[in-house]
Amino acid sequence: MLHLPISQLAISPGTKVRARLLKSIQEKGVLTPILVQRNGAGYKILDGRRRATAAIQLGLEEIPAILIEEGGPEITLLAHGTRSENPVAELEAICELQRRGLSEKEIAQAGYSSLSRIRRLAKLNRLAPELAEKVAGGEIAPGVAFQIASLPQEEQRQLLAEDEKVTASTVRQAKYAHRQAAIPVLTGWAQPLEPVSIEEVLGCLSAETLLQILAELPVEPRFGVWRAKIQRLLEEPVL
């Protein structure tokens, strides 16, 4: 384990730190080493951005760290395997492995993450860059991030402009407004419908579909009338 000078770490300026973490580090120091990898003259943080940010805010000059020579994205995924504090970091690691030629299935088989988790994280690719940065910095909760990703990017940006703090409640309101906006378009399509009989519905089906329905009907007396109707339709000449 190393004790790295804080000045040698590359840290995102937008990373937010909870008061509880600040208090803990102030009282006890950084108990869990961060994971780093060499990056030019300095070090890239693979895991522990918030610990490092808290150390900076508290004026610490050094931080305990473990140097990882190889396997940056793999280590990031494994470090996040038991928590979901930074899904954007997980997604970045998965994308890096995919750039190296690994498929989703191969990443899952290697044990770095489950296939369902990988596919869920892929939804965050729909996040506007401004929102993704705030998720990575801890300003937006992971669960809220997945909800935001379902909105069009222009509405995501509008959400960010209207609210300094994006919460599950504000996202729900935005999604409701998005659904409401679509209603006028849909109502123009609605036309009064005349009631139709089952026979007329069956008459609109292809012979192939009718044969499939006939094959699926249970061989019971109460379905005999329907068998007869379908048989008659199949026997009618095609005009």
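The values are calculated or read from the model by the stated rules, or taken from the named source; none is laboratory data. Small disclaimer: the values here were computed from a predicted structure and weren't measured. Note: ideal-geometry Cβ built from the backbone for every residue, glycine included; neighbour counts use all protein chains shown.
Residues that are small (Gly, Ala, Ser), modelled with pLDDT of 80 or more and out of contact with any helix residue (DSSP H, G or I) (no Cβ under 6 Å at 6 or more places or on another chain) within segment 12-45 comprise Ala19, Ser24, Gly29, Gly40, Ala41, listed in sequence order. Taken over segment 1-30, the criterion of being farther than 14 Å from Leu67 by Cα and in a loop (DSSP other than H, G, I, E, B) is satisfied by Ile11, Ser12, Pro13, Gly14, Thr15, Lys16, Val17, Arg18, Gly29, Val30. Filtered by the rule that a residue be over 16 Å from His3 (Cβ atoms) and either touching a Phe, Trp or Tyr at 6+ places or on another chain (Cβ under 7 Å) or surrounded by 15 or more Cβ atoms within 10 Å (Cβ to Cβ) (or both), segment 25-46 gives Gln37, Lys44, Leu46.
Listed by first and then second residue, the pairs linking a residue in segment 85-112 that is more than 22 Å from Arg50 (Cβ to Cβ) to a residue that is of a type in the set (Val, Ile, Thr) and part of a helix (DSSP H, G or I), with Cβ atoms under 7 Å apart and 6 or more places separating them unless they lie on different chains, are Leu97/Ile107; Glu104/Ile118; Ile107/Ile94; Ile107/Ile118; Ala108/Ile118.
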